[in-house]
1. Count, please, the residues in segment 639-659 that happen to be farther than 20 Å from Thr420 by Cβ and modelled with pLDDT under 85.
2. Looking only at segment 613-633, count how many residues are of a type outside the set (Phe, Trp, Tyr) and crowded, with 18+ Cβ neighbours inside 10 Å.
3. Being in contact (Cβ under 8 Å) with a residue 24 or more places away in the chain, in a loop (DSSP other than H, G, I, E, B), under 17 Å from Ser24 (Cβ atoms) and more than 17 Å from the chain's Cα centre (by Cα) is the filter here, so list the residues in segment 287-301 that pass it.
4. Just the residues that are in a strand (DSSP E or B) and either open to solvent by 10 Å² or more (accessible area, probe 1.4 Å) or of a type outside the set (A, V, I, L, M, F, W, C) (or both), please, taken from segment 122-140.
5. Go through segment 46-57 and report how many residues are open to solvent by 40 Å² or more (accessible area, probe 1.4 Å) and out of contact with any Phe, Trp or Tyr (no Cβ under 6 Å at 6 or more places or on another chain).
6. Within the bounds of segment 302-320, is there any residue that is in a loop (DSSP other than H, G, I, E, B), open to solvent by 30 Å² or more (accessible area, probe 1.4 Å) and free of Cβ contacts under 8 Å to residues at least 60 places away in the same chain?
7. Scanning segment 5-42 for residues that are buried (at least 16 other Cβ atoms within 10 Å of the Cβ), part of a strand (DSSP E or B) and not hydrophobic (A, V, I, L, M, F, W, C), which turns out nearest to the chain's Cα centre (by Cα)?
8. Has segment 60-76 got at least one residue that is part of a helix (DSSP H, G or I), crowded, with 19+ Cβ neighbours inside 10 Å and either without any contact (Cβ under 8 Å) to a residue 24 or more places away in the chain or aliphatic (A, V, I, L, M) (or both)?
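The values are calculated or read from the model by the stated rules, or taken from the named source; none is laboratory data. Predicted model only: the values in this text are computed from it and were never measured. Counting neighbours? That spans all protein chains shown, and the Cβs are built from the backbone with ideal geometry, glycine included. Keep in mind that these areas ignore ligands, DNA and RNA; they rest on the heavy atoms of the full protein, side chains included. Shrake-Rupley method; radii C 1.70, N 1.55, O 1.52, S 1.80 Å.
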Amino acid sequence: MSENVLQFASFESFVSPTFWHKLSELKLDHDRLSDTKRSISGYYINRRAAGCLLEVDYTAYNSTLQCPKFSYPAVGTIYNKNTIEEFKELDKLKLLADEGKELLSDIASDAIAKNPSLLARFFILSFADLKNHSYYYWFAFPCPLMPTLRLQNEVIKLKELPQMTKFKEALLSWPSEEQNFFLLYTNRNDEVQARSLSSLKLEDVDHYYFCFADPSEYEHPAWVMRNYVAYLIHKNPLFVGKTLKFLGLRFNQQLEVDNSLIWHVQQTEPCDWSDMKFVGWELNQKKKMGPRMVNMRDSMDSAKLAENSMNLNLKLMKWRLVPDLDLEKIAQTKCLLFGAGTLGCGVARNLLSWGFKTITIMDSGKVSYCNPVRQSLYTHADAAAGNLMKATTAAKRLKEINPNAETKGYVIQIPMPGHTIGESLIEQTKQDLSLIEEQVQAHDVIFLLTDSRESRWLPTLLGAVHQKIVINSALGFDSYMVMRHGSTRYSIRNHKFEDIEGLKCIVGNQLGCYFCNDVTAPGNSLKDRTLDQQCTVTRPGVSNIAASYAVELLVSLLQHPQGDLAAAYYAQNRQESVGKIPEGMLGIVPHSIRGLLWNYENILPATQKFAQCIACSEPILSAFRKERHAFLFKTFETAKYLEDLTGISEFKRLNSEIIDFDDAEFEMSDSDE
């Protein structure tokens, strides 16, 4: 009889990259600053076992684990810490002891009989460095440190048993998903029956084979058998001193169990459960006691890696600062930019920074040598090429910055009021008009970023007709203006707006557009201009400020409960103290922002819709809906048509009349009444 000490094959962790990807997602989107432990699951396989592996992948976080075929579940926990210091300084022995005590608690109750998978226990201590895509982790497989088990016989294979055929029949009768831990009972007639752990009786110990799914490829049984022994000894202390027979099920490629191993073991010393120690920390790659580290940068798809990295700052906002920030709404909002110059480049870059995914650009210009220093999407090489168009080059560059963005560029001339269309260009202009309107309809937000007033008229009109959010930005030498156009959408809900002393409130669908403050139609501002008038001459920082404000205004509007119907408040008298302006999630949502670098001051004026506006008033919108292109060509022929249609012409006539008074026509009274 051999008195050899039984050795066990320690579990080896095998972590799929998808496990870390899912952990990153959960940490950013759900756990955030919480480091509360999370229940997870793993699995092990006893078919053609290689090593003694316990595997985890993205399914580990599911509430119900669906194990791969021929595998069995393991019950686990992950402790993901917020900092590397917390990961290092945590009391590892105490953590192992706490997990071990939970195992003993399950053993002492009826939990194991109901769910034998609880015997296959593990936990992970981790720290996810999401900025560098590095993951520090340490697996442990907690197990009571019990007295030595000794082999009472040579290890034999199942096929060496005389009643092997009956064993195999009994195994086939037992559900495969329940073969992780169960019993085989042999009676005096050599009949074999498969039974659950709950049917275990002390007096029948000599008739039992304690069966388990064995993922070990070695002669030693897998680590799970240690907890199996602990369970049996704890439930039946009189098993101490008795020989117990364990059958480790091992399937080959053909699903045959002939080479499964049988160990006859005996524990001669009782256990002190009240002062039990625990073991189970996994060795690292150097076979030393310590954690492991994996960097997922090389194994991740570069586009996915870029997306995760770019979204990191946005998702971190939700941890402390803005928990209710709706990033999905931002990502799904489609933006159309008219103009790919200084403002267009700045707005496009800021949109990417906020996580907007769909950006379309319309512009007719080419990249010139003067562009790259101020227009951030172009390079000297683009200018040197001589024939690269801004719209397509900007779209390409945005895609290079974020491969996951959907970007398009259209080289197109925006038809403008007062800019007559020649006979040879009529068909092309009609095609351009159709494309522009098609793109306006396909997007949610329109940015007006062109370098002339009249080029903003058509997008303003189309934005009003199709009820789009319109953000407008314009530059002076040391000044800038950013505004949102009033919505043409009407809500069936009655939003309540606060009355605040000293502040006037204008609801979102009563706010004016870029042209509402004008009493004249836009003319041809591109004729007869000197060089300094042909270029956008501004202090370099002005465009960056205005572009940033334009995007921030949009994001604030998208996150506001009323959206584009959000009211704008402004002070009626700047000298008087006023109440606090109501805020949305990201602060106030003004109608317009006007700034001046001369004194570094911003003001936030708001204006109402102008009933005779040449871009968004009802006469204009009705005429467009009725006549479509015919109406537009009338405005291209002469901008005065817009003034006549809205009644501005008459207003201007009355305003310009000079009334002469003859003093003789008036009697001056000298009475002292």
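1. At the first step, the residues of segment 639-659 found to be farther than 20 Å from Thr420 by Cβ are 646-648, 650-659.
Now drop any that are not modelled with pLDDT under 85, which leaves 648, 650-659.
Residues flagged as farther than 20 Å from Thr420 by Cβ and modelled with pLDDT under 85 within segment 639-659 amount to 11.
2. Within segment 613-633, residues that are of a type outside the set (Phe, Trp, Tyr) and crowded, with 18+ Cβ neighbours inside 10 Å number 8.
3. Filtering segment 287-301 for residues in contact (Cβ under 8 Å) with a residue 24 or more places away in the chain gives 290-297, 299-300.
Among the residues that remain, those that are also in a loop (DSSP other than H, G, I, E, B) are: 290-291, 296-297, 299-300.
Within this subset, residues satisfying the condition of being under 17 Å from Ser24 (Cβ atoms) are 296-297, 299-300.
Passing the criteria: Met296, Arg297, Ser299.
4. Pass one, segment 122-140, residues in a strand (DSSP E or B): 122-129, 134-140.
Answer for segment 122-140, where residues must be in a strand (DSSP E or B) and either open to solvent by 10 Å² or more (accessible area, probe 1.4 Å) or of a type outside the set (A, V, I, L, M, F, W, C) (or both): Ser126, Phe127, Ala128, Asp129, Ser134, Tyr135, Tyr136, Tyr137, Trp138.
5. Total meeting the criteria: 2.
6. The answer is no, given that none of the residues of segment 302-320 is in a loop (DSSP other than H, G, I, E, B), open to solvent by 30 Å² or more (accessible area, probe 1.4 Å) and free of Cβ contacts under 8 Å to residues at least 60 places away in the same chain.
7. Arg38
8. There is at least one residue in segment 60-76 that is part of a helix (DSSP H, G or I), crowded, with 19+ Cβ neighbours inside 10 Å and either without any contact (Cβ under 8 Å) to a residue 24 or more places away in the chain or aliphatic (A, V, I, L, M) (or both).
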